[in-house]
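Input: a single structure, listed below in structure tokens.
The values are calculated or read from the model by the stated rules, or taken from the named source; none is laboratory data. For clarity, every value in this text was computed on a predicted model and none was experimentally measured. Every residue, glycine as well, gets a Cβ built from its backbone with ideal geometry; the counts of neighbours run over all protein chains shown. The protein model used for the area step is the full one, side chains on, heavy atoms only, and it has no ligands, DNA or RNA in it. Shrake-Rupley method; radii C 1.70, N 1.55, O 1.52, S 1.80 Å.
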Amino acid sequence: MIKPLVSVIIPNHNYANFLEGAIESVLFQTYSNIEIIVVDDGSSDNSREVLKKYANQVKLIFQTNQGVSIARNTGVAESKGDLIAFLDADDIWLPTKIEKQVDLFTRDSSLGLVHVGVEEIASNGQRLNIRMNGAVGWVFEELLLLRSSVLAAGSGAMIWREIFDNLGGFDSSLSTSADWDFCCRLARLYPIGFIPEVLVKYRIHSISMHHNIDLMEHDMMIAFEKAFSQHTNVSAKKCYGNLYRMLAGSYFHAGNYSKFIRYTLKSLITNPAEIGYFLSYPLRQIKRGR
């Protein structure tokens, strides 16, 4: 049986310190039929110097800074694979990741996307957390309710090229929520597969765009509006209540208490059933502190 070509898309913007580790983790995959495309999105650090050593192993694309969504779309447009896998330049794959994802796709051709378990690490590689609660099956409603997720989609997801193209790729107007938006659009049409094994090391650090809560707020509002612009049986009140609750918690941990109060009130007004969650908030914070 001919193994499908897997195109690995690595967008990079000023991650020279981590870039080599990301590329090496792809080169050491046990699955051999791979092409690697790095899209440097206007880096101003020494990323070009790092990439020079891989000129014979990796297809390099340099563009002005246009954002991660356009960088990923550019990489896919220049790729040839039947399957597409994404890896952010600050993350790392374990050696059997691609092999196991391709195997699951081979066993279940109905799947639109396959993702994997994640180990969250600090900048220095120290383990912070293990996540195995990945979405599986027909999960569109669970994604909208923010009860489940595609784990580290920007570094853990593998997708059929045809499906990616049919969905129109990543929304270029989004950054922090581009992954969620794409996965939500896909999950409306296809079931999702999950491999409950740590196969991605996902780096948590201060310069990650996911620490920009104001940007996340902006993007998620747009993504939710898009999701509900099409017919769905999911309760908008419950979904928006959960979104406001998530934003309230994010702003609380960021020390922005005015926005914490704002989104707490919005969550309760939208979905009064959330009152139990917020009444128990102080107790949970005490436990978390311990």
For the pair LYS3 and SER229, what calculated FRET efficiency results from E = 1/(1 + (r/R0)^6), where r is the Cβ-Cβ distance and R0 = 45 Å, to the nearest 0.05? 0.70
Percent of accessible area on the stretch 186-254 owned by carbon and sulfur, 1.4 Å probe? 55
What is the magnitude of the charge dipole of the stretch 130-288 about its Cα centre, with +1 placed on the Cβ of each Lys and Arg, -1 on the Cβ of each Asp and Glu, and no other charges, expressed in debye to the nearest 20? 640
Excluding LYS59 itself, calculate the net charge of residues whose Cβ lies under 13 Å from the Cβ of LYS59, where each Lys or Arg counts +1 and each Asp or Glu counts -1. -2
Ranked by accessible surface with a 1.4 Å probe, highest first, in what order do HIS115, HIS13, HIS253 come? HIS253, HIS13, HIS115
Mean accessible surface per residue for the chain, computed with a 1.4 Å probe while every protein chain stays in place, in Å²: 47
Most fluctuating residue of LEU268, LEU243, LEU174 in a GNM of the chain with Cα springs under 10 Å: which is it? LEU268
Two-site label geometry, SER123 and HIS205: point separation in nm, points 7 Å out along Cα→Cβ: 0.7
Where a ≥ b ≥ c are root eigenvalues of the Cα gyration tensor, a/c under 1.5 meaning rounded, otherwise prolate if a/b exceeds b/c and oblate otherwise, the stretch 24-91 counts as oblate
The stretch 131-213: trypsin sites (Lys or Arg not before Pro) in DSSP loop, at most 15 other beta carbons within 10 Å: ARG147
For ILE163 and GLN63 in one chain, what is 0.36 nm times their gap in residues minus the Cα-Cα distance, to one decimal in nm? 33.5 nm
Counting alpha carbon pairs within less than 8 Å and at least 6 residues apart, what relative contact order, in whole percent, applies to the chain? 18
Of SER173, MET220, THR96, farthest towards positive along the dipole that unit charges on Lys, Arg, Asp, Glu beta carbons give the stretch 81-227: THR96
Sort out for me the Cα centre separation of the stretch 198-262 from the stretch 118-153, rounded to whole Å. 14
Output the antiparallel fraction of DSSP beta bridges having both residues in the chain, as a percent to the nearest 5. 30
Compute a Gaussian network model of the chain, connecting alpha carbons closer than 10 Å, and tell me which residue from SER109, SER280, SER123 fluctuates the most. SER280
Report the charge-dipole magnitude of the chain in Debye, nearest 20, computed about the Cα centre from +1 at each Lys and Arg Cβ and -1 at each Asp and Glu Cβ. 940
Given the options SER32, TYR15, LEU60, identify the residue whose Cα lies farthest towards the positive end of the charge dipole of the chain (+1 on Cβ of Lys, Arg; -1 on Cβ of Asp, Glu). TYR15
How much net charge surrounds ARG127 when only other residues with a Cβ under 11 Å from its Cβ are counted (Lys, Arg +1; Asp, Glu -1)? -1
